[in-house]
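The values are calculated or read from the model by the stated rules, or taken from the named source; none is laboratory data. Small disclaimer: the values here were computed from a predicted structure and weren't measured. As a convention, Cβ positions derive from the backbone with ideal geometry for all residues, glycine included, and neighbour counts pool all protein chains shown. Accessible surface areas use protein heavy atoms only, side chains included; no ligands, DNA or RNA. Shrake-Rupley method; radii C 1.70, N 1.55, O 1.52, S 1.80 Å.
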Amino acid sequence: MSIKIKKILNKKNKLKIICLTAYSKNFAEEVDKYADITLVGDSLGSVLYNYNSTKKVTLTNMIDHSKSVRMGVKKSLMVVDMPYNTYKSNSSALKNARKIIKETKCDAVKLEGGKKIISQINHLIKNKISVMGHLGLLPQTAKGKFKSKGKTEKEKKQLINDALLLQTSGVFAIVLECIKASTAKQITKYLKIPTIGIGSSVHCDGQVLVTDDLIGLNVTNIRFVKKFINFRKYINQGLKRFTTEVKLKKYPSKKHSY
Ligand code: KIV
């Protein structure tokens with residue numbers, strides 16, 4: 001187990017774990033200052049490419065963005081989402097995970113699902129690949145409107161079983177997406193490994209958000225997203241000043257000319 005992963009595991013029950021997404025070098029440089037985990041999420045499909053589903057994200061998309069992110073990540077653990085359809089069998093999961101790691105030099109991969117993909121997860125871990133789990137709302141396979149999970153007794157039991165199964169297989173942490181607070185709390189209590197919540201209450205060991213959402217660059221009305229700043233306002237200020245100075249012939253001045 002890497003030192004970075006050990007540090008993350010040691011935070012359980014002591015300190016909150018910060019996980020943030022990045023899709024490019026400049027963002028990664030800033031995210032890396034705060035995050036324990038920098039995630040190249042396949043959410044880039046909707047955030048950058050306007051896809052209506054992460055199903056459309058390709059391995060090439062993920063590898064290209066991750067290569068850029070790698071240049072900005074120095075201290076945090078870099079995790080890359082394996083896109084839809086790239087881990088259908090044990091052999092394809094291993095082939096594609098190895099390709100992602102070889103080309104992007106990331107530290108770990110993340111796969112969505114529990115029991116249904118446990119064979120692939122076991123296979124990756126047996127082959128010394130670090131894996132992060134993802135339970136609850138699974139955007140790659142969700143049908144129709146996104147709904148929260150873990151509300152019924154049946155769903156709760158299934159989520160707890162899946163979480164324990166993932167822990168036994170050796171994943172180092174599990175993202176819990178849109179899970180009812182009391183269920184997320186129970187899962188977090190049962191596990192020795194950390195849970196990273198997104199829309200799953202304060203009871204998780206850490207939190208993840210899409211960086212573009214929390215800075216107000218990506219406009220969304222998802223309930224769990226809090227806009228911590230309005231980054232578009234700052235972009236507009238800069239662009240407006242540039243436009244004004246160009247029109248007034250104040251820019252470029254002599255200082256910015258040859
Ligand atoms: O794709 C993504 O960015 C994610 C996080 C939101 C957990 O999976």
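Is it the case that some residue within the stretch 27-47 is among the polar types (S, T, N, Q) and over 15 Å from V210 (Cα atoms)? No, that holds for no residue. Would you mention how many residues in the stretch 90-115 are farther than 18 Å from I5 by Cβ, within 16 Å of the ligand (Cβ to nearest atom) and surrounded by fewer than 22 Cβ atoms within 10 Å (Cβ to Cβ)? Residues that pass the stated criteria total 1. If the condition is being over 21 Å from S53 (Cα atoms) and open to solvent by 60 Å² or more (accessible area, probe 1.4 Å), then the stretch 123-151 contributes K126, K128, K151.
Residue-by-condition table, conditions (1) under 19 Å from the mean Cα position of the chain (by Cα); (2) within 18 Å of S169 (Cβ to Cβ); (3) assigned to a helix (DSSP H, G or I); (4) away from the ligand (no atom under 14 Å from the Cβ):
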site	(1), (2), (3), (4)
V79	yes, yes, no, no
K88	no, yes, no, yes
I117	yes, yes, yes, yes
I121	yes, yes, yes, yes
I129	yes, yes, no, yes
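Within the stretch 209-221, the residues that satisfy the criterion of being more than 10 Å from the ligand (Cβ to nearest atom), in a loop (DSSP other than H, G, I, E, B) and not small (G, A, S) are I215, L217, N218, V219, T220, N221. Of the residues making up the stretch 66-84, those that are open to solvent by 10 Å² or more (accessible area, probe 1.4 Å) and in contact with a strand residue (DSSP E or B) (Cβ under 6 Å, 6 or more places away or on another chain) number 0.
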